[in-house]
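Below is the structure I would like to discuss, written out as C-alpha cells.
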Amino acid sequence: MAKRKLKVAFVKAFEERRKNLSDTYYNAIVDELNRVINSANCHTSSWIPGRNWKGTVYESIWHACNRNDKVAAMFYGQILNKVMIERSDAWVCGKFPHARGMTYFKPQHYTA
C-alpha cells in the first residue's frame, strides 16, 4: 500500500519561495489548479500550465522565482504537490517516461 504524503518535498525551499508570492497570486494559482484537477482523473504536472506561462495565473510563479525558469518549474511542482496533498479525495502520483514532472491519477478502486 502506498504511503500518504503529508508535506511537500524540500519544505524549507518551498517556504522561502512562497514568501515571494503574494497570497492573492498564490490563492489564484491554487484555485486554478483545483479547477483543472476537478476536470479529469489524470494529470501530468508539466502539461497543466503549458510551456508559455505569460499572461496566465502561473506567470506570477516565474516572477516570484526571479524569472528563473528552472526554479519556477520546481516551485510550480511544489505548489501542485501541496494542492494534491491538501485535497480530500485520493490521488496517486509517480514519474513516467512519457513526460517531465509528476503524473497524478485517481486510483480505480479506492475506498476510504
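Tell me which aspartates and glutamates have Cα within less than 17 Å of residue 106's Cα, excluding those fewer than 8 residues away on the same chain?
Within reach: 86, 89.
Please give me the summed charge of the neighbours of residue 41: other residues whose Cβ is under 11 Å from its Cβ, Lys and Arg +1, Asp and Glu -1. Spell out each step's value before the answer.
Working: positive: 106; negative: 89.
Within the 11 Å Cβ shell, the charges total 0.
A follow-up question, please. Taking the Cα atoms only, what angle lies between the long axis of helix 23-38 and the longest principal axis of the chain, rounded to 10 degrees?
Helix 23-38 sits at roughly 30 degrees to that axis.
Could you work out how far helix 69-86 tilts from the main Cα principal axis of the chain, as a 0 to 90 degree angle to the nearest 10?
So the helix axis and the longest Cα principal axis differ by about 40 degrees.
Now, a different point. Go ahead and estimate [θ] at 222 nm for the chain from helices alone: -39,500 (n - 2.57) per DSSP H run with n ≥ 4, summed, over the residue count, rounded to 500. Can you show the working numbers first?
Details: 4 runs with 48 residues, N = 112.
Per the formula, -13500 deg cm²/dmol.
How big is the Cα convex hull of the chain in projection, averaged over all directions, in nm²? Don't skip to the end; give the middle numbers.
Details: hull surface 29.8 nm².
Value for the chain: 7.5 nm².
What order, most packed first, do the peptides 48-55, 29-36, 70-77 have when packing is the mean number of other Cβ atoms within 10 Å of each residue? Mind showing how you got there, number by number?
Working: 48-55: 11.8, 29-36: 15.8, 70-77: 18.5.
Highest to lowest by the protection proxy: 70-77, 29-36, 48-55.
For Cα pairs less than 8 Å apart in space and 6+ apart in sequence, what is the mean separation divided by the residue count of the chain, i.e. the relative contact order in percent? Walk me through the intermediate numbers first.
On the way: 97 pairs, mean separation 36.6, N = 112.
Worked out over the chain, it gives 33 percent.
Let me ask something additional. Within the set of other residues whose C-beta is less than 12 Å from the C-beta of residue 102, count the net charge using Lys and Arg as +1 and Asp and Glu as -1.
Numbers: positive: 5, 95, 100; negative: none.
After counting each charged neighbour, the total is +3.
Where a number appears in this text, it was derived from the coordinates with a stated rule and is not lab data. Just so we're clear, the structure is a prediction, and the values are computed from it rather than from any experiment. Methodologically, a virtual Cβ is constructed for each residue, glycine included, from the backbone with ideal geometry; neighbour enumeration extends over all protein chains shown.
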